[in-house]
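Chemist: Once you've had a glance at the structure underneath, I'll fire off some questions.
The values are calculated or read from the model by the stated rules, or taken from the named source; none is laboratory data. Since the structure is predicted, the reported quantities are computational estimates derived from the model, not experimental observations. Positions of Cβ are generated from backbone atoms using ideal geometry, with glycine treated the same way; all protein chains shown enter the neighbour counts.
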Amino acid sequence: MINWSRPAMAMAALAAVSGMLAACSSSDSSSEPAATATATAAETAAETAAETAAETAAETSGGVGDFGEDGGYAYATNVDDHRLLVVDVCEVKAALDAEGGPQYADINSVYTDGANSVKGDGSVRTLKGFASAEGKKHNSDEYYGSAGSIDAFVTSAIDGSGDFDGESDGTRSQAIEKGIQNEALVAYVAHELFTALDKGANGDFAGGVHNWDEGWAFYHGAEPGCSPYATGNSRAENYATLSDDGVTALANVNILNAMIGGRDALLNEDVDTATTAANEVIRNLVTIYSQAVIRYATKMTSDLAEGDQDAARGHQAEGLAFWRVIEPYVGGINTDSTSAINGVFALSSDPASGTEGDVRAALEPIWEATGVSADEVGTLQ
């Protein structure tokens, strides 16, 4: 099975930084201005480190459950403001469904400026900030070969530019909603989990637990109906892969259990077990978004059979957005599979019928490589 986590990346980055510092320390520092600047920089760095340590202590002082819970996951650190970011998604969805059509200015305002996730320093955490942030560990920018790749997709849908130039409100709305609720948030979930593992690998377990908690805050959060968690439940209903409660996806149950196990592993300074848990989270995300990709290929077929080209185009955009959630992690497994799926959902092509079988067949080598079974994906009802 593929090991999705990448703690080595952070260690390599630290090595690079150490090399830079070594180079700086060996340079000529005999002049008084340079010495003064060095001293000032050292003082600033010390102050910043002290502030960061104080913030971390405030965020992590306590035990499991001392900071509340969401959906069965008890936080071990303070993520009160992080868990509110999904409320911004609710506001975007409301603006998309507004009477009279999507309110793009309002959507852009919430996306760009934020509304509900206010940090301790008074600044506002934003969805655009997540989508455009560079150097994160979610692999999207590396895979797509451009910085801010998620933001470029969402912003072009909001503006009606690029791939969405001339597209209908319905098509743009699907890309906006799924791009924000799923691609942007899931990418940041992955970033937080990989960051947690990196920190643990370098001995910062308190910081690692905090990042791990943030992962659940962004996957479920205060309003799960506006989070990726909701997508998992919806797709499980479509595929008869709900748990015994008849509401929660088996994949979400697996993700919750993995998140709890990974949290506890980091609290016990066990990076290997936390790594296994992170891999299990990503594996179940592959299940959820495979279900979504197949479903929207199927919808395109039914739409075209009914002569509804506009609906088919909207579902093509929706399928593309769902595929982009997992493509950065699985796109390199089988290039033929990736090309086939991109051929179905690329907006440069018109929607085509009868592609759902091809899409499922293209996903099967990916499932085999990632340890996902056909039974876990289920059959579209």
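Chemist: Hey, can you tell me all the residues within segment 95-119 that are farther than 21 Å from F164 by Cα and free of Cβ contacts under 8 Å to residues at least 12 places away in the same chain?
Modeler: Matches in segment 95-119: E99 only.
Chemist: Are any residues in segment 236-265 more than 17 Å from G225 (Cβ to Cβ), polar (S, T, N, Q) and part of a loop (DSSP other than H, G, I, E, B), and if so, which ones?
Modeler: T241, S243
Chemist: Has segment 179-197 got any residue that is within 18 Å of D141 (Cβ to Cβ), touching an Asp or Glu at 6+ places or on another chain (Cβ under 8 Å) and charged (D, E, K, R)?
Modeler: yes
Chemist: Also, quick follow-up: Among the listed residues V92, V64, identify the single one that is closer than 23 Å to S173 by Cβ and touching a residue at least 60 places away in the same chain (Cβ under 8 Å).
Modeler: Testing whether each residue is closer than 23 Å to S173 by Cβ and touching a residue at least 60 places away in the same chain (Cβ under 8 Å) leaves just V92.
Chemist: What residue, among those in segment 76-99 that are of a type in the set (D, E) and part of a helix (DSSP H, G or I), is surrounded by the fewest Cβ atoms within 10 Å (Cβ to Cβ)?
Modeler: The extreme case among them is E91.
Chemist: Out of the residues in segment 343-381 that are β-branched (V, I, T), buried (at least 20 other Cβ atoms within 10 Å of the Cβ) and in a loop (DSSP other than H, G, I, E, B), state the one that is farthest from the chain's Cα centre (by Cα).
Modeler: T355
Chemist: Please identify the pairs in which a residue from segment 180-194 that is within 17 Å of E327 (Cβ to Cβ) has its Cβ atom under 6 Å from the Cβ atom of a residue that is aromatic (F, W, Y), counting only partners at least 6 apart or on another chain.
Modeler: A184/F130; L185/F218; Y188/F130; Y188/F218; V189/F218; V189/Y219
Chemist: If you don't mind, another one. Residues to consider are G101, G68, G63; find the one that is farther than 23 Å from G225 by Cβ and either over 22 Å from the mean Cα position of the chain (by Cα) or modelled with pLDDT under 95 (or both).
Modeler: G63
Chemist: Taking L185 as meeting all but one of (1) among the hydrophobic types (A, V, I, L, M, F, W, C); (2) surrounded by fewer than 24 Cβ atoms within 10 Å (Cβ to Cβ); (3) under 30 Å from D350 (Cα atoms), write down the number of the exception.
Modeler: Unmet for L185, out of (1) among the hydrophobic types (A, V, I, L, M, F, W, C); (2) surrounded by fewer than 24 Cβ atoms within 10 Å (Cβ to Cβ); (3) under 30 Å from D350 (Cα atoms): (2).
Chemist: Hey, another quick one. Quick check on this structure: which one of A321, A340 is more than 22 Å from Y188 (Cβ to Cβ), modelled with pLDDT of 95 or more, in contact with a helix residue (DSSP H, G or I) (Cβ under 6 Å, 6 or more places away or on another chain) and in a helix (DSSP H, G or I)?
Modeler: Only one candidate qualifies: A340.
Chemist: For the condition touching a Gly at 6+ places or on another chain (Cβ under 8 Å), under 16 Å from A175 (Cα atoms), in a helix (DSSP H, G or I) and among the aromatic types (F, W, Y), what is the one hit in Y296, Y289?
Modeler: Y296
Chemist: Tell me, yes or no, whether segment 253-263 has at least one residue that is within 14 Å of A278 (Cβ to Cβ), surrounded by 24 or more Cβ atoms within 10 Å (Cβ to Cβ), touching a Ser or Thr at 6+ places or on another chain (Cβ under 8 Å) and of a type in the set (G, A, S).
Modeler: Checked segment 253-263: at least one residue is within 14 Å of A278 (Cβ to Cβ), surrounded by 24 or more Cβ atoms within 10 Å (Cβ to Cβ), touching a Ser or Thr at 6+ places or on another chain (Cβ under 8 Å) and of a type in the set (G, A, S).
Chemist: Just checking, does segment 165-179 include any residue being under 12 Å from the mean Cα position of the chain (by Cα) and surrounded by 19 or more Cβ atoms within 10 Å (Cβ to Cβ)?
Modeler: yes
Chemist: Which residues, counting only those in segment 193-215, are among the charged types (D, E, K, R) and surrounded by fewer than 24 Cβ atoms within 10 Å (Cβ to Cβ)?
Modeler: K199, D204
Chemist: How do the pairs read when you match residues in segment 318-339 that are surrounded by fewer than 24 Cβ atoms within 10 Å (Cβ to Cβ) with residues anywhere that are not in a helix (DSSP H, G or I), using Cβ under 6 Å and keeping only pairs 6 or more apart or on different chains?
Modeler: Within 6 Å, the pairs are P328/N139; T338/G331.
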